[in-house]
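Below: the structure, in structure tokens.
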Amino acid sequence: MNQHLLTHDTADAYVDGMSRVTDLVARHLATGAPSTGAAVADLTPAVESVDLDHPAADLESALTEVTDLYLRDAIWFHHPSYVAHLNCPVALPAVLAEGFLAAVNTSVDTWDQSAGGTLIEQRLVRWTAERIGLGPEADGVFTSGGTQSNLQGLVLARGEALRRHGRESAPRLRVLASDQSHFSVLTSARIMGLEPDAVIPVPTAPGGGMLPDALGLALESVREGGDIPMAVVATAGTTDLGAIDPLRPIGDLCAEHSVWLHVDAAYGGGLLTSTRRRHLLDGIERADSVTVDFHKTFFQPVSSSAVLVRDGRTLGHVTHHADYLNPRTAVTPNQVNKSLQTTRRFDALKLWMTLRVTGADALGEIFDEVIDRAHEVWEVLRADERFEVAAEPTLSTVLLRYRPADVTAAEADSLNPRIRHALLDRGDVMVAGTVVDGRSWLKFTLLNPHTTLDHLRGILDTIATTGEELLEEDAADALTLTSLEVAR
């Protein structure tokens, strides 16, 4: 009997091992900070010293090693002082679902590998499409994340553009997206072999939303230049500002010009469960394809995303039939017909468990709560003379920067990234950073309802104190340099 594989014979070892793992995780959930502040140089030697050609002495040794190399220094997104990237604390039912996924190891590509898993995924796809309002012919498939979902949406758009124009290839295809759209739009164009200038940026308003008039002019310009507008990408929740493009007028323009509309709602898709802010997505029902990341604002563990389409037939642009896997004669549903992937995890089970235990309304309320918090801290920042703050938040992202009265804009551009790195080195607070219109900003991305306004006030004080310390160091360094020059 092989003791190293999960079988009926090793069930007791499985229970014992999982018990040890869950105990380790539970103990680390009580960690006092989101990070230990460990640097690359701190961790590299220990990882590189491991001899992967020879196993550890036993499970206990391996678990100790994993704790030392990974768990101890892992970034904990559930901690209230983590306000950096679009990483969420995860729903407990979804974590429990992961236990099923890893042990059963279902691949949701063909019916003979997934059976009930196929039906659960299809049901969740229909549920999401209904919430969007895509209509009775809608379909879709789960993906690894927003980047893959955006890629597939644009692959389908290309297929439809080529079909409409009666071509097998069209080097002059163009994609129009706002200048705040996700970088995956650019990488998708490169992957598809489109020309370097295939993605045309459309200007945005000060708050970050695409300007419909500018889009209209851009569409006309593309056609006048003899090019083919393949797709318009509207964003429902930009990464930096959380802005939502005006979806309804954009949908009207796409219909007028017969252009595929893809809506990247990787961030804002959680509004589909909101009872207070669903109207922010009005017009999303006009889309031909939509990206939704459940592992952001549906509070699911990575990975869990989906691409949804208005007309399920368009998924045929990624279909390939292999006799050994999904022959044309198959009578059972095979999700591989709709996917860029073949082997694919049953990630839909996590969302299913969450909806069945937690419920959609509760998920929406969590998202609404963190959006409320973003507005609260924005009001605090507006009244705090130590800080500048960008546009009023739409979702749960707030851009700010430490800039007391005696600090110039250029000095703040240099100072704020240094503040962020100083906080990262300490590990007790984690914030993100970005550059907008050539200026450096710090960023709060709020996805944890346990991050209270008091927590955020404390983080602001920590940022200010760190900024003051760095300015004092700069002043001391300048004084020392002046003294040295005088001495010469």
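The values are calculated or read from the model by the stated rules, or taken from the named source; none is laboratory data. Note that the coordinates shown come from a computational prediction; the quantities given were computed from them, not determined experimentally. Reconstructed Cβ throughout: ideal geometry from the backbone, glycine too, with neighbour counts over all protein chains shown. The protein model used for the area step is the full one, side chains on, heavy atoms only, and it has no ligands, DNA or RNA in it. Shrake-Rupley method; radii C 1.70, N 1.55, O 1.52, S 1.80 Å.
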Would you say Leu186 is open to solvent by 40 Å² or more (accessible area, probe 1.4 Å), under 30 Å from Val436 (Cβ atoms) and of a type outside the set (Asp, Glu)? yes
If you take the residues in the range 118-130 that are closer than 11 Å to Pro333 by Cα and not hydrophobic (A, V, I, L, M, F, W, C), which one is most open to solvent (accessible area, probe 1.4 Å)? Gln122
Pick from the range 462-474, criterion of a type in the set (D, E, K, R) and at pLDDT 95 or above, ranking: surrounded by the fewest Cβ atoms within 10 Å (Cβ to Cβ): Glu469
Keeping to the range 359-392, report how many residues are more than 30 Å from Glu411 (Cα to Cα), aliphatic (A, V, I, L, M) and surrounded by 16 or more Cβ atoms within 10 Å (Cβ to Cβ). 5
For the range 385-409, which residues satisfy the criterion of being more than 12 Å from Trp441 (Cα to Cα) and over 30 Å from the mean Cα position of the chain (by Cα)? Glu385, Arg386, Pro404, Ala405, Asp406, Val407, Thr408
What number of residues within the range 72-109 are surrounded by fewer than 16 Cβ atoms within 10 Å (Cβ to Cβ) and part of a helix (DSSP H, G or I)? 8
The lone exception for Glu411 - which of (1) under 30 Å from Ala205 (Cβ atoms); (2) in contact (Cβ under 8 Å) with a residue 12 or more places away in the chain; (3) assigned to a helix (DSSP H, G or I) it fails: (2)
Taking the conditions exactly as written (under 30 Å from Val429 (Cβ atoms), in a helix (DSSP H, G or I) and not aromatic (Phe, Trp, Tyr)), does Thr44 satisfy them or not? yes
Filter the range 432-442 for residues that are under 22 Å from the mean Cα position of the chain (by Cα), over 18 Å from Glu469 (Cα atoms) and of a type outside the set (Gly, Ala, Ser); the one that is surrounded by the fewest Cβ atoms within 10 Å (Cβ to Cβ) is Val435
Of the residues Asp425, Asp406, which is among the charged types (D, E, K, R), open to solvent by 10 Å² or more (accessible area, probe 1.4 Å) and assigned to a helix (DSSP H, G or I)? Asp425
Only one of (1) open to solvent by 80 Å² or more (accessible area, probe 1.4 Å); (2) assigned to a loop (DSSP other than H, G, I, E, B) is not met by Arg27, so which one is it? (2)
Does Arg356 qualify as being more than 19 Å from Leu261 (Cα to Cα), without any contact (Cβ under 8 Å) to a residue 12 or more places away in the chain, surrounded by fewer than 19 Cβ atoms within 10 Å (Cβ to Cβ) and among the basic types (Lys, Arg)? no
May I ask you to list pairs of residues, at least six apart or on different chains, whose Cβ atoms are under 7 Å apart, with the first in the range 277-291 being in contact (Cβ under 8 Å) with a residue 12 or more places away in the chain and the second being of a type in the set (Asp, Glu) and part of a helix (DSSP H, G or I)? Arg277/Asp368
Residue check, Asp477 part of a helix (DSSP H, G or I), under 28 Å from Glu392 (Cα atoms) and open to solvent by 70 Å² or more (accessible area, probe 1.4 Å): no
Only listed residue being touching a Gly at 6+ places or on another chain (Cβ under 8 Å), buried (at least 19 other Cβ atoms within 10 Å of the Cβ) and at pLDDT 95 or above, chosen from Ile419, Ile459: Ile419
Is there a residue in the range 316-328 that is in contact with a strand residue (DSSP E or B) (Cβ under 9 Å, 6 or more places away or on another chain), open to solvent by 50 Å² or more (accessible area, probe 1.4 Å) and under 14 Å from Gly140 (Cα atoms)? no
Which residue is surrounded by the fewest Cβ atoms within 10 Å (Cβ to Cβ), if the candidates are limited to the range 445-455 and must be closer than 14 Å to Phe77 by Cβ and not hydroxyl-bearing (Ser, Thr, Tyr)? His450
Which condition from (1) over 29 Å from Pro246 (Cα atoms); (2) in contact with an Asp or Glu (Cβ under 6 Å, 6 or more places away or on another chain); (3) not in a helix (DSSP H, G or I); (4) not hydroxyl-bearing (Ser, Thr, Tyr) is the one that Arg401 breaks? (1)
Is there any pair linking a residue in the range 297-322 that is on the phi > 0 side of the Ramachandran plot to one that is open to solvent by less than 40 Å² (accessible area, probe 1.4 Å), with Cβ under 6 Å and at least six apart or on different chains, and which? Phe299/Cys88; Phe299/Ala91
Condition met for Ala348 (more than 30 Å from Trp441 (Cβ to Cβ), open to solvent by less than 40 Å² (accessible area, probe 1.4 Å) and in contact with an Asp or Glu (Cβ under 9 Å, 6 or more places away or on another chain)): yes
Are any residues in the range 55-71 among the small types (Gly, Ala, Ser) and either open to solvent by 70 Å² or more (accessible area, probe 1.4 Å) or not in a helix (DSSP H, G or I) (or both), and if so, which ones? Ala56, Ala57
Given (1) loosely packed, with under 15 Cβ neighbours inside 10 Å; (2) within 30 Å of Gly433 (Cβ to Cβ); (3) touching a Gly at 6+ places or on another chain (Cβ under 7 Å); (4) hydrophobic (A, V, I, L, M, F, W, C), where does Ala33 come up short, assuming only one miss? (1)
In the range 131-151, residue farthest from Leu186 (Cα to Cα) [restricted to those that are β-branched (Val, Ile, Thr) and open to solvent by less than 30 Å² (accessible area, probe 1.4 Å)]: Ile132
